[in-house]
Amino acid sequence: MTPIALPPPKLAGGPYIMGILNVTPDSFSDGGVSEGAAAPRGLAMLEAGADIIDVGGESTRPGAAPVEEREEMARVVPVIAALRAATRAPISVDTMKPSVAIAAISAGASMWNDVNALRAPGALETAASLHRPVVLMHMQGEPRSMQAEPRYDDVVAEVIAFLQARVRAAEERGIEDIWVDPGIGFGKTLEHNLALLRATARIVEETRKPVLIGASRKRFIQALDERAKDAGKSRLGGSIAAALIAAHGNAGMVRVHDVAETAQALKVWRATL
Ligand code: 8Y4
């Protein structure tokens, strides 16, 4: 299978749009997509303006239990293969497991999106062997318990230091194409999330890596708007606002559920530059 490389981030033209394709039975925000319906949804997101589709089979929502390796593979591999058969567009795989990343890349994925920043045993070696771009995301704790009591002295400085350390570890292994992500919602309070979103430009400058921001439909929006209790379209306005803030801070990519709406908002923003 021909690997499709992601071109460098279009810093002047605004961020790439990563469309979220959850392949989990419990995916809250889009009702859980069965394997057969998933690839068409990915293609629809590409038609709506997505630059890359992020396929994930392990729920990383706060409190979520880990998913077994074989189960996760059975969810994501057929969807990635079906997408790849239908498009040359870049595909990323959202997984913390090296074995799943290997299977996903073999099935046609272009990029490894790791919310655990390659901290699993063997992950750095695996990523080096795959020769694909990786996303290194910050998370305090683990999904099961991360929202229990997030604590930082200086959240922006600490997240940047973590990302710099993970970039160094990856580069020491020869990994070349690295994105970083402050991990909105991953072991963070509302104030932590807002501080990180506000600091997007600083994260770009101090890591000197392209930055991915994933704020779409996350709980911090509900914390600012009590009417956004449902994790679906009720959080659309806040999600678009967050994407524009990320764009203003020179984020290289935004990870979103609502591709058409975000693409339109970014077109308006871009036209004013
Ligand atoms: C509603 C909808 C409520 C979604 C919560 C959520 C990120 C990520 C996730 C991110 C990168 C999520 C896999 C959590 N978030 N990968 N993955 N960056 N790189 N929660 O921010 O979407 S899953």
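Just so it is clear, none of the values below were taken in a lab; they were calculated from the coordinates. For clarity, every value in this text was computed on a predicted model and none was experimentally measured. Virtual Cβ from ideal backbone geometry, glycine too; neighbours counted across all protein chains shown.
Label the chain by shape, choosing from rounded, prolate and oblate, from the square roots a ≥ b ≥ c of the eigenvalues of the Cα gyration tensor; if a/c is under 1.5 it is rounded, and otherwise prolate applies when a/b is larger than b/c, oblate when it is not.
rounded
With just the Cα atoms defining each centre, how far is segment 62-90 from segment 113-139? Give it in Å.
16
When the Karplus curve 6.51 cos²θ - 1.76 cosθ + 1.60 is applied with θ = phi - 60°, which whole-Hz ³J(HN,Hα) does each residue of segment 87-92 get, with x for Gly and Pro?
These are the phi-based 3J(HN,Hα) values: 8, 9, 5, x, 10, 10 Hz.
Over the chain, calculate the relative contact order: mean separation of alpha carbon pairs under 8 Å at least 6 apart, over the residue count, as a percent.
Contact order relative to length: 20 percent.
Among the aspartates and glutamates, which fall within straight-line cross-link reach of Lys218, defined as a Cα-Cα distance under 16 Å, with same-chain neighbours fewer than 8 residues apart omitted?
Asp26, Asp30, Asp181, Glu191, Glu226, Asp230, Asp258
In whole Hz, with x marking every Gly and Pro, tabulate ³J(HN,Hα) for segment 62-67 from phi via Karplus 6.51 cos²θ - 1.76 cosθ + 1.60, θ = phi - 60°.
Coupling constants for segment 62-67: x, x, 5, 7, x, 10 Hz.
Using just the helices of the chain, give the 222 nm mean residue ellipticity in deg cm²/dmol: DSSP H runs with n ≥ 4 each add -39,500 (n - 2.57), and the total is spread over all residues, rounded to 500.
That comes out to -13000 deg cm²/dmol.
Give me a comma-separated list of calculated 3J(HN,Hα) values for segment 234-250, in order, Karplus coefficients 6.51, -1.76, 1.60 applied at θ = phi - 60°, integers in Hz, x for any Gly or Pro.
Working through the residues one at a time gives 5, 9, 5, x, x, 5, 5, 4, 5, 5, 5, 5, 4, 4, 4, x, 6 Hz.
Go through Lys188/Lys229; Lys233/Lys267; Lys209/Lys233; Lys97/Lys209; Lys188/Lys209 and tell me which ones have a Cα-Cα distance over 28 Å in this structure.
Lys209/Lys233
For the chain, with the dipole built from +1 on Lys and Arg beta-carbon atoms and -1 on Asp and Glu ones, taken about the Cα centre, which of Ala120, Met146, Thr189 lies farthest toward the positive end?
Sorting the options by dipole projection puts first Thr189.
May I ask for the distance between the Cα centers of segment 186-214 and segment 155-177, given as a whole number of Å?
14
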